[in-house]
1. Can you confirm whether segment 26-39 contains a residue that is more than 15 Å from the chain's Cα centre (by Cα) and on the phi > 0 side of the Ramachandran plot?
2. Against the conditions (1) in a loop (DSSP other than H, G, I, E, B); (2) hydrophobic (A, V, I, L, M, F, W, C); (3) in contact (Cβ under 8 Å) with a residue 60 or more places away in the chain, where does residue 38 fall short? Just the number, please.
3. How many residues are under 30 Å from residue 47 (Cβ atoms), of a type outside the set (Gly, Ala, Ser) and out of contact with any Leu (no Cβ under 6 Å at 6 or more places or on another chain) when one looks only at segment 112-165?
4. Being hydroxyl-bearing (Ser, Thr, Tyr) and part of a loop (DSSP other than H, G, I, E, B) is the requirement here; does residue 48 meet it?
5. Tally time: how many residues in segment 141-161 are in a helix (DSSP H, G or I), open to solvent by less than 80 Å² (accessible area, probe 1.4 Å) and out of contact with any helix residue (DSSP H, G or I) (no Cβ under 6 Å at 6 or more places or on another chain)?
6. Can you report the number of residues in segment 1-33 which are buried (at least 18 other Cβ atoms within 10 Å of the Cβ), under 25 Å from residue 119 (Cα atoms) and either free of Cβ contacts under 8 Å to residues at least 12 places away in the same chain or among the aliphatic types (A, V, I, L, M) (or both)?
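The values are calculated or read from the model by the stated rules, or taken from the named source; none is laboratory data. Quick caveat: nothing in here was measured; it's all calculated off a predicted structure. Quick reminder, even Gly has a Cβ in these numbers, built from the backbone with ideal geometry, and neighbours come from all protein chains shown. Calculation scope for accessible area: heavy atoms of the full protein, side chains included, ligands and nucleic acids excluded. Shrake-Rupley method; radii C 1.70, N 1.55, O 1.52, S 1.80 Å.
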Amino acid sequence: MPMKEHTPVEQMTHLTEKQKERVKHWISLQDTLNNGKFGEEMDAHIDTEKFTYGNPNRPDLGTYWEWKTSPEQLYHTFPPSKYSTLDATAKGDDEIWVYCHHYGLQTGGPYMGMEPKGQEINTLWFSIVKFEGDKIVHIYSIADVLGMMIAVGKLDENMQPVDPYK
């Protein structure tokens, strides 16, 4: 799967204007990460004191300062490490649900004990993003970690789940 571009928010006609504003904020954060701006530019999108992160695959990333390390490390490990939003919906004015893509090539260093050999990652994920005021205060994410582990060579592709009832 090649790198995907953001779906234009204008095509998300089911969203209200406020919800579109929230999705644009999210896309702006992704563009900040895509450009490797992990300082004040990244911090400006988040309420750094209230922020929480939830992901059953990464229970170690609960606060903003813990979570912030992950996109930075991914940026250096998987250049060009590009994020995009493929689709979005919303629940009220302060909660968006985004379907996203992360693309990169493992050339910058080891990942999960696997040395870089140019392995391509194409990881899809879903996040619920909550806002207070004009800042993100919570992200809950579910990602295709199994696909990423197969892509970098940590797991054999034949280990993908099949019908568990057979």
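1. From segment 26-39, those more than 15 Å from the chain's Cα centre (by Cα) are 37, 39; that's our starting set.
Still in the list and also on the phi > 0 side of the Ramachandran plot: none.
Among the residues of segment 26-39, not one is more than 15 Å from the chain's Cα centre (by Cα) and on the phi > 0 side of the Ramachandran plot, which makes the answer no.
2. Residue 38 satisfies all of (1) in a loop (DSSP other than H, G, I, E, B); (2) hydrophobic (A, V, I, L, M, F, W, C); (3) in contact (Cβ under 8 Å) with a residue 60 or more places away in the chain except (3).
3. Step one: of segment 112-165, the residues under 30 Å from residue 47 (Cβ atoms) are 121, 123-145, 148.
Still in the list and also of a type outside the set (Gly, Ala, Ser): 121, 123-126, 128-132, 134-140, 142, 144-145, 148.
If we keep only those that are out of contact with any Leu (no Cβ under 6 Å at 6 or more places or on another chain) too, we end up with 121, 123-126, 128-132, 134-140, 142, 145, 148.
Final tally of qualifying residues: 20.
4. On the way: hydroxyl-bearing (Ser, Thr, Tyr): yes; part of a loop (DSSP other than H, G, I, E, B): yes.
So residue 48 fits the description; yes.
5. Start the filter on segment 141-161 by keeping residues that are in a helix (DSSP H, G or I), which leaves 145-152, 157-159.
So of that shortlist, the ones also open to solvent by less than 80 Å² (accessible area, probe 1.4 Å) come out as 145-152.
When the remaining residues are screened for being out of contact with any helix residue (DSSP H, G or I) (no Cβ under 6 Å at 6 or more places or on another chain), the result is 145-149, 151-152.
Qualifying residue count for the region: 7.
6. Adding up the residues that qualify gives 1.
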